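Remarks on the structure that follows.
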Amino acid sequence: MPATRRSLLLGLGLTLLAGATRAARADCAAVATRDLAYAMRVGGVAVADLELRLRCSGDLASVQLAMRNRGLAALISGGHRTDMTAEIAMDAGGPRPARFGALYTKPDRTRETALVFAADGSLLDLVVRNRGREQESPVPEALRQPSIDPLGALLELSDWLARGPAPEATMTLPVFDGRKRGDLETVYRGRASVEVEGRKHEAHHLTAALRGLSGFESDDALVTLPGDPPTWIDVYASIEPMPMPLAIRSRDSAIETSIELVSG
């Protein structure tokens, strides 16, 4: 699976992620610093490593996501790498994206995107580069907003879980990384026990479907294209002041695909 699709799976919820009597908010200050490492496997074979870094300072969260091919995937496809960064305001109104940048590196080229958001969350500026040359985004203007970047979507889902959704509650996020646009549809299934890397965790359980609206291809795994029935995945997130992904697992796919926490 190409790195850009992996970024959407985690960054979308991964890109990844009961009921309370009083609504709470994801508490970035309570976390301060998180360094999380994940492994992606397809058919039981490790194909990529992912590192997620979260830094909180006051009402601002800084998030970094790095992904790189490993093993057979690196041998066949080369050293593909994706690096994403985002700044997200964390105030009483919930997470609001401020800035997002992504660098997609392949052996023969690089692609870059940069998004700047206004205080109300609307998209102010968009830059897309291929091999250093600026070009128009392939996503039509009509689909670019309202939207949220993949890492902003991760914190939006975390905030939703911290506020205690009722079982079967739903939320849809319009996710845009500059080159691809999808709707992440989520359903909260309640709490569940899940085993990740040999350890059992009490977790929030979601099912999610990524509907690819622009920039996706017919062979993209775990993406629902227009007109097709939804391809659901299972998402498990930690139970804490700022829930983070524990595992993302395919549900309807013929080939088992997973992204699971290995440390952090």
Please enumerate the residues belonging to the range 64-91 that are closer than 24 Å to ALA39 by Cα and either part of a strand (DSSP E or B) or modelled with pLDDT of 90 or more (or both).
GLN64, LEU65, ALA66, MET67, ARG68, ASN69, ARG81, THR82, ASP83, MET84, THR85, ALA86
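In this structure, does ASP234 turn out to be modelled with pLDDT of 95 or more, surrounded by fewer than 21 Cβ atoms within 10 Å (Cβ to Cβ) and not hydrophobic (A, V, I, L, M, F, W, C)?
Details: modelled with pLDDT of 95 or more: yes; surrounded by fewer than 21 Cβ atoms within 10 Å (Cβ to Cβ): yes; not hydrophobic (A, V, I, L, M, F, W, C): yes.
So ASP234 fits the description; yes.
Within the range 133-152, how many residues are in a helix (DSSP H, G or I) and over 30 Å from ASP108 (Cα atoms)?
Step one: of the range 133-152, the residues in a helix (DSSP H, G or I) are 141-143, 150-152.
Filter once more, so that each one left must be over 30 Å from ASP108 (Cα atoms): 142.
Number of matching residues: 1.
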Residues of the range 172-227 being of a type in the set (Phe, Trp, Tyr) and outside any strand (DSSP E or B), in sequence order, are PHE216
Do we have any residue at all in the range 143-165 that's in contact with a strand residue (DSSP E or B) (Cβ under 9 Å, 6 or more places away or on another chain), crowded, with 19+ Cβ neighbours inside 10 Å and over 27 Å from HIS204 (Cβ atoms)?
no
Looking at this structure, is ALA61 among the small types (Gly, Ala, Ser), modelled with pLDDT of 90 or more and either over 26 Å from ARG211 (Cβ atoms) or not in a strand (DSSP E or B) (or both)?
yes
Just wondering, is there one or more residues in the range 228-241 that are among the small types (Gly, Ala, Ser) and not in a helix (DSSP H, G or I)?
yes
Close pairs from the range 183-196: first within 16 Å of TRP160 (Cα to Cα) and basic (Lys, Arg), partner assigned to a strand (DSSP E or B) and at pLDDT 95 or above, Cβ under 7 Å, at least 6 apart:
ARG189/HIS205; ARG189/LEU206; ARG189/THR207; ARG191/GLU202; ARG191/ALA203; ARG191/HIS204; ARG191/HIS205
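When you go through SER250, SER193, SER238, SER263 one by one, which is the residue that is more than 22 Å from PRO95 (Cα to Cα) and in contact with a His (Cβ under 8 Å, 6 or more places away or on another chain)? Quick ask: steps written out before the conclusion?
Details: SER250 fails: in contact with a His (Cβ under 8 Å, 6 or more places away or on another chain); SER238 fails: more than 22 Å from PRO95 (Cα to Cα); SER263 fails: in contact with a His (Cβ under 8 Å, 6 or more places away or on another chain).
After ruling out the rest, the residue left standing is SER193.
The values are calculated or read from the model by the stated rules, or taken from the named source; none is laboratory data. All figures in this text were calculated on a predicted structure; none of them were measured in a lab. Ideal geometry is used to build each Cβ from the backbone, glycine not excepted, and the neighbour counts take in all protein chains shown.
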